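What follows is a single structure, written as structure tokens, with notes after it.
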Amino acid sequence: MKILIADNAGFCFGVKRAVKVAYDQINRDDNRRTYTYGELIHNPQVVRDLEDKGIKTIDGIDNLKENDRIIIRTHGIPEKTYKDLKEKKIELIDMTCPFVKRVQKIVNGYYKKGYTIVIIGDKNHPEVIGVNGWCDNSAYVIESVNDVQLLPYIDKACVVAQTTITQKMWEDSLNLLKLKVNELVSFNTICDATNKRQSSAEEISKKADVMIVIGGKNSSNTQKLKRICEKNCKRTIQVENADEIDLSIFNDNDIVGITAGASTPDYLIQEVINKIAINRKEDTNG
Ligand code: SF4
């Protein structure tokens, strides 16, 4: 058996930074209660570990008290939530990924100039909810090319992408959108880390007999990786950790490809590699 590990698998720059800062808060001795606004990353092990160390997840800000501290995750938050946190005098540690901040800024700027905002992405994803909050929640959110067909004719629109959608989804939607909008300004805001991770996964999945995608069940970028891999490799499985791997699915001559979503820590990837490599006593391409 041979193991191929996709480049750019696992933690991206934004997630790495957010996780480091969250762990940095654990040993502060000012007795402030510290929370993350929503699960910091889509990885249950990391979220549980932070909770065990005193950093709890909250889904709303109603129960926060003055001087509490809150960490904003990479997905960002709506403009109004910043105002609400300021009014409540909550200390903010803003870990919104700079690539997401850029999308918020574009949306806010064009909204103020009178453009209709279109976001290509998942309407229930926190990043999209946050971005939509920078244009008074007025955006049309496109989840599939069918949604573009349902749009009314628009005079002026600005279109952006959720940072983790696929290039194909962006291109297909944009081509149709051009027929619906008189003046269209487009910003392909898919982040480079996502692009590179998806291309590497695609490349490896073309060579693999079995493809393992490591990542949280709620992670949208992991789901997309899985869909990309499934197109080239029928035996694609998604796992959250090494325990979920059933070694009996492998044949001796299999080429096993491994990739991981943006919220998957290196140690989890390593555990998966170890489990397969040790049990099959074969080489990896490192
Ligand atoms: S996937 Fe890209 S946009 Fe999202 S947190 Fe990572 S670096 Fe930032």
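The values are calculated or read from the model by the stated rules, or taken from the named source; none is laboratory data. Predicted model only: the values in this text are computed from it and were never measured. Glycine gets a Cβ as well: all are built from the backbone with ideal geometry, and neighbour counts include every protein chain shown. Surface accessibility is based on the protein's heavy atoms, side chains included, excluding ligands, DNA and RNA. Shrake-Rupley method; radii C 1.70, N 1.55, O 1.52, S 1.80 Å.
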Mean-position separation - Cα centroids, the stretch 62-135 and the stretch 203-246, in angstrom: 31
Nitroxide proxy distance, nm - points 7 Å out along Cα→Cβ at LYS112 and TYR153: 3.1
For the stretch 132-210, diffusion coefficient by Stokes-Einstein and Kirkwood Rh (Cα), 25 °C, 0.890 mPa s, µm²/s: 174
Cα point-scatterer Debye curve for the stretch 13-97, base-10 log of I(q)/I(0) at q = 0.25 Å⁻¹: -1.37
Percent accessible area from carbon and sulfur atoms, the chain, protein chains only, probe 1.4 Å: 47
Centroid-to-centroid separation of the stretch 1-54 and the stretch 155-195 [C-alpha atoms, Å]: 30
Relative contact order (%) - the stretch 99-190, alpha-carbon pairs under 8 angstrom, separation at least six: 32
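Just the number please: accessible area per residue for the chain, 1.4 Å probe, all protein chains included, in Å².
Value returned for the chain: 49 Å² of accessible area per residue.
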Size of electric dipole in the stretch 13-97: Cβ of Lys, Arg +1 and of Asp, Glu -1, about Cα centre, debye, nearest 20: 160
Selection from ASN241, VAL107, ILE55, by position along the positive dipole direction of the chain (Cβ): VAL107
Estimated 222 nm signal from helices in the chain, with DSSP H stretches of n ≥ 4 weighted -39500 (n - 2.57), rounded to 500: -12000 deg cm²/dmol
Rg and Dmax of the chain, Cα atoms only, in Å: 20.7, 62
Net +/- balance of residues flanking ARG73 in space, Cβ distance below 12 Å, scoring K and R +1, D and E -1: -3
Too-long pairs where the Cα-Cα distance tops 25 Å, listed order kept, from LYS196/LYS234; LYS20/LYS275; LYS20/LYS53; LYS65/LYS112; LYS123/LYS206; LYS80/LYS113: LYS20/LYS275; LYS65/LYS112; LYS123/LYS206
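At a temperature of 4 °C and a viscosity of 1.567 mPa s, determine how fast the stretch 31-145 diffuses translationally according to Stokes-Einstein, using the Kirkwood radius over alpha-carbon pairs as Rh; express D in µm²/s, rounded to the nearest whole number. Present the calculation step by step, with values, prior to reporting the outcome.
Details: Rh = 15.0 Å.
Stokes-Einstein gives a translational diffusion coefficient of 86 µm²/s.
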Assigned charges on the beta-carbon of Lys, Arg, Asp, Glu; the chain dipole about Cα centre (debye): 660
